[in-house]
Amino acid sequence: MQNATTKRCSFCVGDPLYEDYHDNEWGVPQTDDQKLFESLILETFQAGLNWLTILRKREAFRAAFDQFDIEKVAGYEDEKISSLLKDSGIIRNRSKINATITNAKAFQNIQRTHGSFARYLWSFTDGRIIHNRPRTLDELPSQTALSEKLSKDLKKQGFSFTGPVVIYAFLQANGVVNDHTVDCHSYAARSKIETIVI
């Protein structure tokens, strides 16, 4: 628990849910495939929206999508899609719901090919965490050469709604990129980790 004077990245300040997400999840290097799948899907739903909207609906998303069980989501058929389109707790976008099912199948293919999605993901940086050391959020890009490369490869493997901007947000969220500002209390903790071994 952080005190009231704790310095955080400005994007989350003022909302307890967002502050908790920032303190405990955003930028933490992630190697768990289940959590990576959930994060990727939620980032695709965020496209065109803001993250706090998704964060406030995250529990509803988890309930609607069977806790993001990859095998179950990959097997969704028309009846389940119809049910999701009636669920007011989530973002009822047919294209994004269909993409979620497609992406679950593509995710499974990567797991079969690479042993895990985490191994595939971290191979793009050779297991290194990219520490950008921004002084302000204005210094952060919306996409990079890395997110463009990963986005291109994901699309080649059948993923949808995984453009370079969405993918950069995914890389930030899962600690492949450390974009905490240098004055943020989380910056020092994240900066102690240089590489990930999977």
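Stretching K105 away from N24 to a fully extended chain increases their span by 26.3 nm, per 0.36 nm per residue minus the current alpha-carbon distance. With a simple spin-label model that places each label point 7 Å from the Cα along the Cα-to-Cβ direction, the separation between D153 and L17 comes to 3.4 nm. Within the straight-line cut-off of under 16 Å between alpha carbons, the lysines reachable from K155 are K96, K105, sequence neighbours fewer than 8 places apart in one chain being disregarded. Between the range 91-125 and the range 134-198, the alpha-carbon centres lie 17 Å apart. Here the range 33-109 is assigned +1 on the Cβ of each Lys and Arg and -1 on the Cβ of each Asp and Glu. Its dipole about the Cα centre then comes out at about 320 debye.
Straight-line cross-link reach from K35 at under 18 Å between alpha-carbon atoms covers these aspartates and glutamates, not counting any fewer than eight positions away in the same chain: D20, D23, E25, E43, E59, D66, D69, E71. A P(r) calculated from all alpha carbon pairs of the range 1-83, with 10 Å bins opening at zero, reads 14, 43, 30, 11, 3, 0 percent. Rounded to 0.05, the FRET efficiency of the T136 and L52 pair, given R0 = 22 Å and the Cβ-Cβ distance, is 0.65.
The loop-placed GluC sites (Glu not before Pro) in the range 7-87, going by DSSP, that have at most 13 neighbouring Cβ atoms within 10 Å of their Cβ come out as E77. Rounded to the nearest whole Hz, the Karplus-based 3J(HN,Hα) values (6.51 cos²θ - 1.76 cosθ + 1.60, θ = phi - 60°) of the range 169-178 follow the sequence 4, 5, 5, 5, 4, 9, x, 5, 10, 9, with x at glycine and proline. Simple spin-label estimate for K7 and K192 gives 1.9 nm between the two label positions (7 Å along the Cα-to-Cβ direction from each Cα). Surface composition of the chain: carbon and sulfur make up 47 percent of the accessible area, probe 1.4 Å.
In the neighborhood of A74, defined by Cβ-to-Cβ distances under 15 Å, what is the net charge if each Lys or Arg adds +1 and each Asp or Glu adds -1? Surrounding charge for A74 is -3.
The values are calculated or read from the model by the stated rules, or taken from the named source; none is laboratory data. Please read all numbers here as calculations on a predicted model, not as lab measurements. Positions of Cβ are backbone-derived with ideal geometry, glycine not excepted, and every protein chain shown enters the neighbour counts. These area figures cover heavy atoms from the full protein model, side chains too; ligands, DNA and RNA do not enter into them. Shrake-Rupley method; radii C 1.70, N 1.55, O 1.52, S 1.80 Å.
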